[in-house]
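The values are calculated or read from the model by the stated rules, or taken from the named source; none is laboratory data. Bear in mind the structure is a predicted one, so any value in this text is a computation, not a measurement. Using ideal geometry, Cβ is built from the backbone for each residue, glycine included, and neighbour counts are taken over all protein chains shown.
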Amino acid sequence: MVNDPAPRPGDDDNDPSGEPQNPFKGTPFEQLFSAFGGAGAGGAGGGAGIPGFGAFGTPGAGGMPDLSALLGQMQQLLQPHDGAVNWNLAQDLARRGVADSPDPSVGAAETARIADALQLADVWLDAVTDLPSGVTSAAGWSRAEWIEQTLPVWKKLVEPVAEHVVAAMGNALPAEAKAMAGPLIGLLGQAGSAMFGSQVGQALAGLAAEVLSSSDIGLPLAPVGKAALLPTNITAFADGLDVPADDVRLYLAIREAAHQRLFAHVPWLNAHLLAAVEDFGRGTTIDVAGMESKMSGLDPTNPAAIQEALAGGLFEPEKTPTQQAALVRLETILALVEGWVDEVVSQATVDRMPNAAKLQEIVRRRRAAGGPAEDAFAALVGLEMRPRRLRDAATLWGSLRSRRGAEARDAIWAHPDLLPTASDLDDPLGFGENPELEEAANSFDDDFDAALAELLDEEGGRGKRDDTDGTDGTDGSGGADGSGEDPGPGDAPRPA
C-alpha cells in the first residue's frame, strides 16, 4: 500500500507553476475522478455516483483527488474479484434493489398451482409439436431468487463485453499518463470492474422487477430443465388486463414450457446465442472523446447527475461493423426463438383458451417494446434483448407449418445453417419457396432414403444367413422370439 502523500505545491516534482502534476490531464479520467472526488459518500452521508462507494479521495488542487487518499480508499472499497465485472458488488446491489419493494417467497400452494399449469401446458404442446417436453422441475421464484438462479448465465453474457470495455478504458490513457500514474494504473481496471458491477447490479434489479418467467427475455437463464414463474410480477402484469388470473398464469406457463422444449432439444442453440454475444464483445472500443464530453459537463456536487450518466451508458461501447453484424445475428435468432414460441403457443391455445388471442397480442407488444430495465441493460452492454421482428418470425413459422406441416417447421431447428436469416424475415411468406432449396431438400431426402434402404437390406441379409445356420439362437422363423416378426423400436424384448 502506498502511504506517501501526493506531491504538493512547492515540492521538487511539481511543475514550474507550483501546481501538482496531473497524470490524467486531458483525458476523460480527469473529469471522472474529479466528479467522484466531489460527490458525497454513498452511505448515510448521501448518495454517491456509484452506490456503495464513498468519495474517491479528498479533492486537491485543480479539482483532482489526493492520489494517496484515493489509493487507500480504493484498496479498502474495491474487494478482490476475478473477471472484468465485480460480481460480488453486482449481486449485492441487485439484491438490495429488489429489497426496496415487497418480495415474498413463493409458498407451497402457489408452487403447486405453477406445477399444475406447466403440466397442462406440456399436454397441450404435445399436440402441436414433435419436440418433447423439456421441463424436469417446476418452481415459483421471488425476485431475489430470480437474481440468484440466473446470475451464472448473466456472467457468461456480460463478461465478453465487459472485459473489452474495461480494457478499452485503460487503453484510453496516454502512455505518459500511464507512466506518471504509477501504482494507480493497477487499480484502474479494478475501478472499471467495480463501475461495471454497479451498473450490472442496478440493471438486474430492474429486470427482476419486470420478468414473468425464467425465459421471459428469450434466453435460457434458468438451470437446465427448470421451468419457473414469478408470481409477484405476474400479479402486477395481470392487474387491469380484464383476464382471469388463472388464464394469465396458464398462458405464461405454456410460453415457458415452449421455451424449455426448444432450449432442451436444440443442443446448439444455447452456444449459438452466447457466441453471438461473444462476437459482439470482440473489438469493443470506447468513444473517448464522447466520454470526456459527458464527464466534463457533470456537476461534481450533484451525485444524481453522475448516477444518471452511469445509467445512461457512460461507458457504452461504439459499435463496429463486425459488432453490428453480430448484433443483427443475435436479434434475428431471438426473433426466431420468440416467433416459434408464439406460433406453437397460438396453435396449442386456439381452441382451448378464449383469452389466448388477447394475451398473445399483449405479450407481443411487451416483448417488442421492452421496458425501462431492458433499456438500462442495453445502455450498459450495447445489447438489446428484444425481438424486434417477432411478428415477422411468427408469420414465417406459421406459413411454413400451413404449407408443409408442423414436422417440417420444427425440423428447421436441426442445424443453425437451416435457420432463416434476417433477409428471410423480410419475406416471411416466401421462406422455403426457393426452388433450389426445395430441390436440395428433396435430394437430401432421396439420398437418405436410399442409404437407409441399403442398410436395412444388409441387415436383412445377415439376419437370413444367421437364421439358416442357426447361429442366432432362434428357431429360424425370422423373428427374435421365433414368432416371425421383430419387436418395434420402442418395445421391450418378448420373453422366449
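One residue stands out among those in region 384-396 that are in a helix (DSSP H, G or I) and within 23 Å of the chain's Cα centre (by Cα): the one that is surrounded by the fewest Cβ atoms within 10 Å (Cβ to Cβ), which is ARG391. Being in a helix (DSSP H, G or I) and free of Cβ contacts under 8 Å to residues at least 24 places away in the same chain is the requirement here; does ALA368 meet it? For ALA368, the condition - in a helix (DSSP H, G or I) and free of Cβ contacts under 8 Å to residues at least 24 places away in the same chain - is met.
Per-residue answers, yes or no, for (1) at pLDDT 90 or above; (2) among the hydrophobic types (A, V, I, L, M, F, W, C); (3) outside the structural domain of ALA127 (by TED's automatic domain parsing); (4) closer than 28 Å to GLU159 by Cβ:
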{"site": "ALA264", "(1), (2), (3), (4)": "yes, yes, no, yes"}
{"site": "PRO267", "(1), (2), (3), (4)": "yes, no, no, yes"}
{"site": "ASP279", "(1), (2), (3), (4)": "no, no, no, yes"}
{"site": "ASN302", "(1), (2), (3), (4)": "no, no, yes, no"}
{"site": "PHE315", "(1), (2), (3), (4)": "no, yes, yes, yes"}
{"site": "LEU330", "(1), (2), (3), (4)": "no, yes, yes, yes"}
{"site": "LEU334", "(1), (2), (3), (4)": "no, yes, yes, yes"}
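For first residues located in region 197-219 and within 23 Å of ASN86 (Cβ to Cβ), partners that are polar (S, T, N, Q) and lie 6+ apart or on another chain with Cβ distances below 6 Å form the pairs GLY197/ASN86. With respect to VAL211, is the statement that it is assigned by TED's automatic domain parsing to the domain that holds ASP130, under 17 Å from ARG95 (Cα atoms), out of contact with any helix residue (DSSP H, G or I) (no Cβ under 6 Å at 6 or more places or on another chain) and among the aliphatic types (A, V, I, L, M) true? Spelling it out, VAL211 is indeed assigned by TED's automatic domain parsing to the domain that holds ASP130, under 17 Å from ARG95 (Cα atoms), out of contact with any helix residue (DSSP H, G or I) (no Cβ under 6 Å at 6 or more places or on another chain) and among the aliphatic types (A, V, I, L, M).
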